[in-house]
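The values are calculated or read from the model by the stated rules, or taken from the named source; none is laboratory data. Owing to the predicted nature of the structure, the values given are computational and were not obtained by experimental measurement. Because the Cβ atoms are built from the backbone with ideal geometry, glycine has one as well, and the counts that use them run over all protein chains shown.
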Amino acid sequence: MERVDCVVVGAGVVGLAVARALALAGREVMLLEATEAIGTGTSSRNSEVIHSGLYYDTGSLKARLCVHGQSLLYAYCAERGIGHQRCGKLIVATNAEQLPKLQQIAQQAAANGVADLQSLTREQALALEPHLNCVAALLSPGTGIVDSHGLMLALLGDLENAGGLLALHTAVAQGRRERDGIVLRARDGTELKADLVVNAAGLGAQTLARHFAGLDPRFVPESHFAKGNYFSLSGKSPFQRLIYPVPEAAGLGTHLTLDLGGQARFGPDVQWVESPDDLRVDAARAAAFYDGVRAYWPDLPHGALLPAYAGIRPKLQGPHGPGCDFVIQGEAEHGVAGLVNLFGIESPGLTSALAIGDFVRDLLAGQIRG
């Protein structure tokens, strides 16, 4: 049986960042990915937004890792020449009833250490974005966008330059703790022993954890899948910044984002589904998109929205539950030496990836607790 120091399961942006951090710390790392390429799941089916950490509960992992991760990500992109843009975003209240929520967001952002948020009157917001409809807005100049695929390729390059290995088409089916390490069994029967294992399997993280002998099932949260549909805008966008309505249950509303070429897209919405494989965009959902977008962009032309793509968020809460934090469990939580499980790494996982990598590195080095 082949033996390695560290195995990271899942080559999405978070798994890549974790593997990179461990390799740069001098560990021997093997990154296992079930599919034919890196980043084919949630990492390639999102808005590619670099978040500022405005909404998350004070002291939560999401708040801490997003704020720190944003700083790390901008510096990394600049250093490596990864496509990105600090375009900023506006969070808009379209009626007076939403103004208290806007104020709450500003207070939460300040509590999370976000110092650049600016309150705008209607006139100030329209001076920035003349096509906007709002009664007030918040400007987050630190919010941006990134080429997520370019980012993942750079992370992979760092991993490989540090001696790490990537194995594609390697789906891990089971794990078990033995006296001298952790044994992982692939679906083809191949076994690999490691001193340390990080379960960063994203949408499949709970499934893998449930097949880990010796891990108490009570430490494996239930899986919920929130599908996010996206529609693209036919034609040129009139906006230079990202436009977000005030948040809604389980999501941030039907917002407008831009890619690095200036093309606008809308979404994601929230559609609870049974399977993480449900990625078809139902064109009929465009009706709700038109209603949501026209609240802040009344001039959206009819017929301008085209079905684009869908992604699945690995939610830890169901349709009616309160929002959940990231869950990063080490031995101190579940009692299995050498194992770290990452559950519910949804947005702002992309922004937080480098910070999550450092967090897991330090956790396995015994410097912090999960």
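Right, Glu97: under 16 Å from Ala136 (Cβ atoms) and free of Cβ contacts under 8 Å to residues at least 24 places away in the same chain or not?
The answer is yes for Glu97.
Quick one: is Leu260 touching an Asp or Glu at 6+ places or on another chain (Cβ under 8 Å), modelled with pLDDT of 95 or more and surrounded by fewer than 18 Cβ atoms within 10 Å (Cβ to Cβ)?
It is true that Leu260 is touching an Asp or Glu at 6+ places or on another chain (Cβ under 8 Å), modelled with pLDDT of 95 or more and surrounded by fewer than 18 Cβ atoms within 10 Å (Cβ to Cβ).
Taking strands (runs of 3 or more DSSP E) that fall entirely within the stretch 82-184, which contain at least 2 residues that are under 30 Å from Ala213 (Cα atoms) and in contact with a strand residue (DSSP E or B) (Cβ under 7 Å, 6 or more places away or on another chain)?
165-167, 172-178
Could you grab me the full set of residues in the stretch 202-222 that are out of contact with any Asp or Glu (no Cβ under 8 Å at 6 or more places or on another chain) and either of a type in the set (Phe, Trp, Tyr) or farther than 18 Å from His334 by Cα (or both)?
Gly202, Leu203, Gly204, Phe212
Yes or no: the stretch 322-343 includes at least one residue that is more than 28 Å from Val183 (Cα to Cα), out of contact with any Lys or Arg (no Cβ under 6 Å at 6 or more places or on another chain) and not small (Gly, Ala, Ser).
yes
For Ser43, state whether it is outside any loop (DSSP other than H, G, I, E, B), closer than 28 Å to Pro245 by Cα, at pLDDT 95 or above and not aromatic (Phe, Trp, Tyr).
Yes: the conditions hold for Ser43.
Of the conditions (1) free of Cβ contacts under 8 Å to residues at least 60 places away in the same chain; (2) touching a strand residue (DSSP E or B) at 6+ places or on another chain (Cβ under 7 Å); (3) assigned to a loop (DSSP other than H, G, I, E, B); (4) not basic (Lys, Arg), Leu54 clears all except one; give me its number.
It fails just one condition, (1).
Can you name every residue in the stretch 226-251 that is part of a loop (DSSP other than H, G, I, E, B), at pLDDT 95 or above and under 19 Å from Ala287 (Cα atoms)?
Passing the criteria: only Ser234.
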